[in-house]
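Quick note: the coordinates plus some simple rules give every number you see, no bench work behind them. Everything numeric here is computed off the predicted structure, so don't read it as measured data. Because the Cβ atoms are built from the backbone with ideal geometry, glycine has one as well, and the counts that use them run over all protein chains shown.
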Amino acid sequence: MVILASCALVVAVAALLFSILALRRLRVRRGVSAEALPEDVHGLRQEVAALRAEARDALRHLAVVRYDAFGDMGGHLSWSLALADDAGHGVVLTSIHGRSEARTYAKSISAWSCEQQLSPEEEEAIEHARPAR
């Protein structure tokens, strides 16, 4: 087993070296020089910065709190879900399940707070969704 692993490692290293040599030959044939690299890196950095700016508005902070809304029911069928962007703007969705019905609520949040009164579970979901400071 050790011999097989050693052979695989040797083949992988040889393939890596072959790939590096092929890439260098391709650059020489196409006339790509080391001077062109900083311009490409600058463009990539600009693109990454633009993607980060777009991601700030994405609802990427989320947390779910499951609980029993009524004492006679088990299974944690009720839940509160907080979804927010980097600035804390988003929504809290809550679904309360009873024996014969389920109710769903949506409350908007702004800067990690809500104008409407929140249940303890909704507050907990917002706190868990909020990134560490």
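Summary of computed values
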item: Estimated inter-spin distance, His42 and Ala22, nm [label 7 Å along Cα→Cβ]; result: 3.3 nm
item: Charge context of Leu51, other residues only, Cβ under 13 angstrom, K/R +1, D/E -1; result: +1
item: Protection-proxy order for peptides 72-81, 50-59, each taking the mean of Cβ atoms within 10 Å per residue, highest first; result: 72-81, 50-59
item: Cβ-defined net charge surrounding Trp79, 13 Å radius [Lys, Arg +1; Asp, Glu -1]; result: -2
